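The values are calculated or read from the model by the stated rules, or taken from the named source; none is laboratory data. Keep in mind that this is a model prediction, so the values were computed, not measured. Because the Cβ atoms are built from the backbone with ideal geometry, glycine has one as well, and the counts that use them run over all protein chains shown.
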């Protein structure tokens, strides 16, 4: 188990290889479907003009994401009525839906770690090589357990996206994950898919 | 008619936080089958640890508490509109108590209702009038990740060489498992429906998921199909979380429906390892949860 502190340097990223277990400590944000679309439309492709608190939120995110991590997660949160938030359940959501956006988000913010489940595709793998960065796989469904590594909810942005889709700024300690895509173009997901395709072809022929 | 709101609330809490014993046992067996020290075994260890913790703390096993799907079997004389009201009140309360995540998003405005109450189909409630005296309520919480990898095929399927027979069914189901990879939170449980129209077929594939993992299909042909599919799906070696490994599916439950001469649908509902389903029986004054 390799302990990693956020923000992460290029040297640390380049040392990580698929199959490595890591535990993360530091400040990260959650972001999934609505957040990625918002980032790309408003600040990367700029096909939509910033409005409301967009620019303020962007400025707040820039220093966290520089060398930082984004977690594909739509948590269950307590304290919604009081504002004294805490994470109750916080496993990863399926990452592949962010495939059209993720690589560009990594490049734009110098984002080093993408955390989720199910793996991502060639565009993200290419960005992992370039930025450099890694994809970290958390255990899907292990929501109560992972919530325990969330020490504190520091802030929430875009709560109007809904609780699961909001940007939660969280401080984590020993957040557990496995490297399944590294900065050297290796992907566990490509390996498993290739092997299972060969198995499938045999089973279809039998 | 009694007010069952509190009973429904307990059914939701139990379903979200306390995994059924048959599912947990099958995860334990899967753990034993994976190579010692493998990523697959480590994933299953984490899963089992999380299951115990969720039960102990009464917190959701998975943060995606999905679409709550209720199947209600009621004796004659029960008011389905009153039951609907009580279920909806219980769902809103369960959301407030963080047993459920607010999941109902208005597709036109993009707004999350915040309390899991959407249009009449959210939560989903099916009613059926039955003989007998007991009220039976089955609840399944099916998350979006596994719902997204579900698939429906119309046989014959030329790409897969799948004809209109059980051999063809086998081929398309394996294709669905392959396409899902680890994205539906493998190891999953497959609900497979054969026949029907597109709607009834998907509906039946979800109903099949209510069966216990260790039961046998009463139809011997379907039973054989289930065993074969389970064996073959595990040969794909996608493994827990898609990390590679011996266990890709924990169970396969199949159901057949009459079909039109022109149609031969195969629907696959993929349920994640966090197969959250529970039953409540109202028997006189007694409420039984299983």
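If the condition is being free of Cβ contacts under 8 Å to residues at least 60 places away in the same chain, outside any helix (DSSP H, G or I) and at the interface with chain A (Cβ under 8 Å from one of its Cβ atoms), then segment B:142-192 contributes B:160, B:161, B:183. Among the residues making up segment B:101-118, those that are crowded, with 17+ Cβ neighbours inside 10 Å, part of a loop (DSSP other than H, G, I, E, B) and at the interface with chain A (Cβ under 8 Å from one of its Cβ atoms) are B:101, B:102, B:103.
Of B:212, B:253, B:206, B:235, all but one fail to be modelled with pLDDT of 95 or more and over 17 Å from the mean Cα position of the chain (by Cα); the exception is B:235.
Candidates in segment A:140-160 are the residues that are free of Cβ contacts under 8 Å to residues at least 40 places away in the same chain and within 25 Å of residue B:107 (Cβ to Cβ); of these, the one that is farthest from the other protein chains (Cβ to nearest Cβ) is A:159. For segment A:161-187, a tally of residues being within 13 Å of chain B (Cβ to nearest Cβ), assigned to a loop (DSSP other than H, G, I, E, B) and within 16 Å of the chain's Cα centre (by Cα) returns 3.
Within segment B:201-218, residues that are not assigned by TED's automatic domain parsing to the domain that holds residue B:128 sit with their Cβ atoms under 6 Å from residues that are part of a loop (DSSP other than H, G, I, E, B) and surrounded by fewer than 19 Cβ atoms within 10 Å (Cβ to Cβ), at 6+ positions apart or across chains, in these pairs: B:204/B:257. So, of the residues in segment A:76-91 that are more than 7 Å from chain B (Cβ to nearest Cβ) and closer than 19 Å to residue A:116 by Cβ, which turns out to be nearest to the chain's Cα centre (by Cα)? Per the criteria, the residue is A:87. Could you list, in sequence order, the residues of segment A:92-123 that are within 14 Å of chain B (Cβ to nearest Cβ), surrounded by 24 or more Cβ atoms within 10 Å (Cβ to Cβ) and part of a helix (DSSP H, G or I)? Matches in segment A:92-123: A:95, A:98.
For the residues A:74, A:119, the requirement of being in contact with a helix residue (DSSP H, G or I) (Cβ under 6 Å, 6 or more places away or on another chain), in contact (Cβ under 8 Å) with a residue 12 or more places away in the chain and under 28 Å from residue B:245 (Cβ atoms) singles out A:119.
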